[in-house]
Amino acid sequence: MEGQTFERVILRRKNLRIPFPDCFVERLTGQQILHVNRRAKYLLIETLDEVLIWHLGMSGQVRIYKIDEQVEPIGKHDHVQFDLSSGATIVFTDPRRFGLMDLTKPKHLADHRLLKDIGPEPLGNTFSGPILAHRLKARRGPIKQVIMDGKVVAGVGNIYASESLYRAGISPKRSAATVQGGRAEKLVNAIQSVLGAAIEAGGSTLKDHRTTDGGLGYFQFSFAVYGRTGQACPDCDCDISLTKGIRHLEQGGRSTYYCPRKQR
């Protein structure tokens, strides 16, 4: 997309999760795309005058048709279409309409209501043990739930929170405020290693996740604890008949998996 121009923008409904901004089509049509970036789960498409803030939601998908590639017939869930000056076409499909698109001026991007309170990127240079410890010191909730809060750190989802805590040897029930010093450093290293391995494997396909070429992710085959209730964790040397193996509990309506022997 970078360097191309929005030749035509087609909007097929007035809203997704939120209404489309006023003059959405007019504000983007004819604009050259300067940069395509990401912040947390938001795709940021920057032109000279506007930044398109785009969230896929729970079920949103992007179909990209290259130059001279036949565009499929429009379906009832194909809500937005971008035709680029290169001849490529981009279609946003969102059956549940949990996605969103908004526009803001480049100079106002950092202060936009959707972005201003997001925590540091876990794979960025601003994420470290001391930074995480500082963000946790006043939080009394369970560490698993706290690290899934995007205001603490961006992008640690449910699966990767369980896997990271296992690698760090930290119980998901531990008070977040007690994860300081060496524990915080271990947790940062664990989060980064888990996310790095997941990216390398194409993510985790449990239901509908697909890679950019439509294939499956494979990180689910490397789970140490997630979804493995009653099984032995990696390198386990305990008696499963006595310990009952990996445990499962619900935290904040989400499933948590952990080893009570190795995670404290």
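The residues of the range 121-136 that are surrounded by fewer than 18 Cβ atoms within 10 Å (Cβ to Cβ) and modelled with pLDDT of 95 or more, listed by number, are GLU121, LEU123, SER128, PRO130, ILE131, HIS134. Restricting attention to the range 76-127, the residues being touching a strand residue (DSSP E or B) at 6+ places or on another chain (Cβ under 8 Å), without any contact (Cβ under 8 Å) to a residue 24 or more places away in the chain and outside the structural domain of GLN32 (by TED's automatic domain parsing) number 0.
Go over the candidates PHE98, PHE6 one by one and state the one that is aromatic (Phe, Trp, Tyr), surrounded by 13 or more Cβ atoms within 10 Å (Cβ to Cβ) and in contact with a Lys or Arg (Cβ under 6 Å, 6 or more places away or on another chain). After applying the criteria, what remains is PHE98. Beta carbons closer than 6 Å, at least 6 apart along the sequence or on distinct chains, pair a first residue in the range 1-21 that is in a loop (DSSP other than H, G, I, E, B) with a second that is polar (S, T, N, Q) and exposed (fewer than 15 other Cβ atoms within 10 Å of the Cβ) for GLN4/SER85; GLN4/SER86. Only residues that are farther than 17 Å from ARG174 by Cβ and either over 25 Å from the mean Cα position of the chain (by Cα) or in a loop (DSSP other than H, G, I, E, B) (or both) were counted across the range 247-264, and they come to 1. Considering each residue of the range 14-27 in turn, none proves to be closer than 15 Å to GLN81 by Cα, surrounded by 14 or more Cβ atoms within 10 Å (Cβ to Cβ) and among the acidic types (Asp, Glu). When each of ARG247, ARG254 is tested for being without any contact (Cβ under 8 Å) to a residue 24 or more places away in the chain and surrounded by 13 or more Cβ atoms within 10 Å (Cβ to Cβ), the lone residue that passes is ARG247. Within the range 132-182, the set of residues being over 18 Å from VAL194 (Cβ atoms) and either among the hydroxyl-bearing types (Ser, Thr, Tyr) or not assigned by TED's automatic domain parsing to the domain that holds GLY253 (or both) comprises SER175, THR178. Restricting ILE64, ILE33 to those that are surrounded by 13 or more Cβ atoms within 10 Å (Cβ to Cβ) and at pLDDT below 95 reduces the list to ILE64. The residues in the range 15-67 that are under 19 Å from the mean Cα position of the chain (by Cα) and hydroxyl-bearing (Ser, Thr, Tyr) can be counted, and the count is 2. Does the range 126-136 contain any residue that is among the aliphatic types (A, V, I, L, M) and within 20 Å of PRO260 (Cα to Cα)? No - not one qualifying residue is present in the range 126-136.
Residue-by-condition table, conditions (1) among the aliphatic types (A, V, I, L, M); (2) not in a loop (DSSP other than H, G, I, E, B):
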site: LEU43; (1), (2): yes, yes
site: GLU46; (1), (2): no, yes
site: MET58; (1), (2): yes, no
site: ARG63; (1), (2): no, yes
site: ASP68; (1), (2): no, no
site: VAL71; (1), (2): yes, no
site: ILE74; (1), (2): yes, no
site: VAL80; (1), (2): yes, yes
site: ASP83; (1), (2): no, yes
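Residue-level analysis places SER241 outside the set of residues that are surrounded by 15 or more Cβ atoms within 10 Å (Cβ to Cβ) and either farther than 24 Å from LYS173 by Cβ or among the small types (Gly, Ala, Ser) (or both).
The values are calculated or read from the model by the stated rules, or taken from the named source; none is laboratory data. Not measured: the values here are computed from a predicted model. Glycine gets a Cβ as well: all are built from the backbone with ideal geometry, and neighbour counts include every protein chain shown.
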